[in-house]
Each structure stands twice: as structure tokens, then as C-alpha cells.
Amino acid sequence: MQATVVSWLPVVATLLPLVGTGCIYLVEGRSWQWRNGLSVATAAIAFGLVLAMYPAIAAGKVLVMEFPNILPPLGLSFRADPLGFFMAATMSLVWLMVTVYSLAYMEKEHHKKRYYPFLILTLSGSLGVVLTGDMFSLFLFFELMSLTAYVLIIHEQSHEAMKAGYKYLIMTILGSLALFFAIIAVYEISGTLIIGRGIIGWPSPLALGAFVAFLLGFGIKAGMFPLHVWLPDAHPVAPSPASALLSGLMLKTGAYGLIRVIYNVYGISLLQRTNWMQILVWLAAITILLGSSVAILQDDIKRRLAYSSIGQMGYILLGMGLMSERALFGAVFHIFGHALMKSALFLAAGAMIHKTHRRSIADLEGIGYRMPLTLGAFTLSALAMIGIPPLVGFLSKWELSLGALDAGRPWFVVILLASSLMNGVYYFPIIIAGYFSKKSAYADGAQAWSMADETSPVMLVPLVLLAAGTLIFAVLPNSLPYVLAGKSAHFLFHLGGR
């Protein structure tokens, strides 16, 4: 077991955005510059606080802080192990990029006084999910994140946004009830909710019921079939920065919860004896194929990206369900890679929509003539999603494929390859039409690249950095995210799972 060290860092990193939210509200009526500056500063400081945990994590320590007298009888606890740190670092990095992007994107949008506080408040909930030390504390922050995200989804307050938000809210409530039942059942069985080694040692009808309830509660947030129905409606109607966070990060909280359930609540030994994981594995396979195939049929660019997210989440669910270390390695690294890829894609799509006021893929033909850097970032991220080497998407699919073979499931490699083919089917037409089509009035028959209508640098820099990360973090020797993903998988599989 790794040594535990008492530290305030997980607590401060989680609660700082709560304080930042209050400060943003206080300065909102006085100065929009202060509001914007505080939003970026809060996200940046949160990222710095998470990075400050790295020396201890690298030294093989687990950071903990417990408050047993708060919220009795269970208390409140915080914890940062390799997986929690990896998730928190990914979240805070992408959140910072999206917050900077929002400064220009939201400049002419309405309800900015509401948008920025809830943007930062949702960051607190998201960090709390991955930096808590027991399932009850995780549940509290999961609820905070889920409810505040609703405000981001309905931001436009159009009929479509309100309808999608209502569906999201109903699904969220159902998921919360399922999680609450599961947590009560685990406490009844084991007498504890501490995240550590498997705390349920034997199968029982109640343990199976709790496992199914966990799949329902966290599966809704992860967009798992057949619980994905809220996702294709919510992502397109939300502002593009919020879509990037919903798809790139908040879906991962559902995956993170399931990883903790599998490896820290039930443990590998019990799940291998009971064969309960077959439920998750086959639902993951259907999720991959469903999301990829339906994405091909979508003409709205954000809706296509939303269905793509469903398929990509299937990779992560499959990796954790195969019960092999390399498959789990691939799943954890895909959490990071997908956060970069899909956030960059949504931000690039948002920049195109923001500039052209067009959402149809057919209407975006020739967009590369006027927005070459934006489409370039979109292209690089799309190639990574397809799995073109040496980008991050290739690395995660490589590890997932090897993990499937380690688990004696070669047919899942075929599913991964089929999904990559379908990814190409729905991404390449956007890229080809954007660069080579002259039919669009937006291209104006231009013969050379132009910067005439490129998006604002405040929007361009974050999306380019995220897209560049899909290459940089794949080719760097001893790439830190790749190493951390491997350590997280090893920690869960050998130390935290048995």
C-alpha cells in the first residue's frame, strides 16, 4: 500500500472555486473586467493547486484529509491518489483553456452574469468528484456538479434548450436516486464507504442490486447505452464552451465513478467470481457501435460531435470492464486524450458557428479558406479521434486493443477497429469539404488561404493548444500523462483493487 500523508491541497483545490464563485458575484455589478479576470484566475489557481500535489504523488504517496464531525454520521473526506490526481489535473487544465475561450465567445452573449459563476461553480463540483475519499463525499460533489451543469445547458433559454435541460434534469434525478440506493446498500453490507481496497467481500442479492444501481447512476452521466438519451440533445443547445466541458470532462465523472466502484468498492476478485462485469462490457460494446453509427447520420456539427462522444465513452467503459491492466491503462489514458480531442473539436465548431452563424455541416463547406487555423485544429483533433498514429487517440486504442487480447476477447479489437472506420466516415467529409470544396458561398471561390475571418485570438489560442496537445503528449518521450495513466492503472489493479 502507498503511504498516506495528511494534506490540505485536495481540500483547497476543491473548495477554492466555491470561494471564487462568491467573489465573481460580488464584483459582477461593478466591473465585467474584474468578473472575467476572477474567472480565469480562479481556474488558473485551481490548476496550480492540483499541480502542487504532483511531487507527493510522484513519490508514491496518497494525500488525505478527513472531517469526521462534518455531515455526521459519515463525515466529509478528501483524497488524492494517482487516479484522482490524474483526473483533477486533466479537468483543471481543460477548464482553464475553456474559461479563457469563453471571454471572447461570450462577449456578445446574454446572461454573462449567470454564466461565469456557474462555470466556476461546476469546476468545484467536478474537482470534488475526483478528489474525495469516500463514496458519500463523492456523491455530494457529483450532485453539485450535475445540478450546476443544468444551468449551463439551458443558458440560451430557447425552446430546444429548455426541453433538453428538462430531459437532462429528469435523467440526473433518476441517476441520483440510483446512486443513493447503491451507497446505502454498500454501507449496509460493509459498514464503510471509504475509497480503498474492495470493501465488499462476498456476493449477495443486495450487492448485485447496488452494482446495477451504480451502473445506472454513473452510466447516465457517462452517456452509456441505453442511458444516453439526454446527451445528443443537451450538447448541441449549450454554449460551445459548455459543450466542450460537458463532453470533454463531465462525462468522465461518470466513468471515474464506475472505476472506483469496480476497483475500490467491489474489487477484482469478487467481480471475476461473479461475472457481473459482463453487463458493463456488452453495454460498452453497444455504446461504441451505436454512438459511432448514429453520428454518421447527423448534419448538425455539434450533434455529430455529441453522438461521437457516446461512442468514445464506450471505449473507456470497455477498458475498465475487461479487467486487464492494459485495458484499464488504455481507458484511463483515453480519458485524458478524449478530454483534449473533444474539447478542441467543440471549441473549433463553436468558433465556426460563432463566425458564420451556420451549424449544418453542408453549410460549412469551404470554411478552411477563411478560418484555416480553426479548421486545422479541428482536423488534428479529428485525426486523433480516428486513431491516426502517432496521436493520443492511437495510443489509447493501442492499449485498449492489447488489453482486450490480454483478457482473451479478440472480438472487441474488431469492434474498436470498426469504430475507428466509422469515425473516419463522419470526420473526413467535414475536413475534405472544409479544405477542398468551393461550392459554398462562404468560400467565395478563394484560391489561397486567408485569415480574413479567423476567430479571435482569445478563442483561437486555447483551441489550438488543446489540439496541439493531441500530438505533443503522444510523441514526447516519457510523456507525463501517459506515464501517470499507467501508474493509475497499476495502482488500481494491483494495490487498490484486491
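The values are calculated or read from the model by the stated rules, or taken from the named source; none is laboratory data. Keep in mind it's a predicted model, so treat the numbers as computed, not measured. For neighbour counting, all protein chains shown are included, and Cβ atoms are generated from backbone atoms with ideal geometry for every residue, glycine included. In case anyone asks, the SASA skips ligands and DNA or RNA and just uses the protein heavy atoms, side chains included. Shrake-Rupley method; radii C 1.70, N 1.55, O 1.52, S 1.80 Å.
Some notes on this structure:
- When both the range 81-159 and the range 322-383 are represented by their alpha-carbon centers, they are found 20 Å apart.
- In degrees, nearest ten, helix 372-386 long axis to first principal axis of the chain (Cα): 40
- What a 1.4 Å probe finds exposed on the range 246-309 is 60% carbon and sulfur by accessible area, rounded to a whole percent.
- Ranked order, S190, S240 - accessible area, probe 1.4 Å, largest first: S190, S240
- 0 to 90° range, to nearest 10: angle between helix 301-321 axis and the chain longest Cα axis: 30
- Antiparallel DSSP beta bridges within the chain, as percent of all bridges there, nearest 5: 65
- Length gained when the stretch H111-V414 is fully extended (0.36 nm per residue, less Cα-Cα span): 104.4 nm
- Percent accessible area from carbon and sulfur atoms, the range 3-92, protein chains only, probe 1.4 Å: 72
- When the solvent-accessible area of the range 169-227 is split by element, carbon and sulfur atoms take up 79 percent of it, the probe being 1.4 Å.
- C-alpha center-to-center spacing [the range 414-428, the range 177-244] in angstrom: 28
- W34 versus H494: modelled label distance in nm, points set 7 Å from Cα along the beta carbon direction: 5.3
- Full-extension gain in nm, I279 to L18, via 0.36 nm per residue minus C-alpha separation: 90.2 nm
- Residue-normalised accessible area of the range 189-277, expressed per residue, 1.4 Å probe, Å²: 24
- Probe 1.4 Å - accessible area at R370, Å² to nearest ten: 40
- 0 to 90° range, to nearest 10: angle between helix 9-28 axis and the chain longest Cα axis: 40
- Available extension along the chain between Y54 and N478 is 151.1 nm, counting 0.36 nm per residue and deducting the alpha carbon span.
- Total formal charge among the other residues, if their Cβ is under 14 angstrom from that of L179, Lys/Arg +1 and Asp/Glu -1: 0
- With the helix formula -39500 (n - 2.57) applied to DSSP H stretches of n ≥ 4, the chain reaches a computed 222 nm mean residue ellipticity of -23500 deg cm²/dmol.
- Database remark: amide H of D134 closer than 5 angstrom to the amide H of S77, I195 (H placed geometrically; neighbours at sequence offset of 5 or more, or on other chains; Pro and chain starts carry no H).
- Rounded to whole numbers, the Karplus 3J(HN,Hα) couplings from phi for the range 475-481 are 9, 5, x, 6, 3, 4, x Hz, using 6.51 cos²θ - 1.76 cosθ + 1.60 with θ = phi - 60°, and x at Gly and Pro.
- Net charge of neighbours whose Cβ lies under 12 Å from the Cβ of E66, counting Lys and Arg as +1 and Asp and Glu as -1: 0
- A 1.4 Å probe over all protein chains sorts H111, H228 by accessible area into H111, H228, starting with the largest.
- Listed residue (L152, F218, S137) projecting farthest to the positive dipole end of the range 81-219, Cβ model: L152
- Net charge of neighbours whose Cβ lies under 14 Å from the Cβ of R114, counting Lys and Arg as +1 and Asp and Glu as -1: 0
- Using a cutoff of 8 angstrom between alpha carbon atoms and counting only pairs six or more residues apart, the relative contact order for the chain works out to 15 percent.
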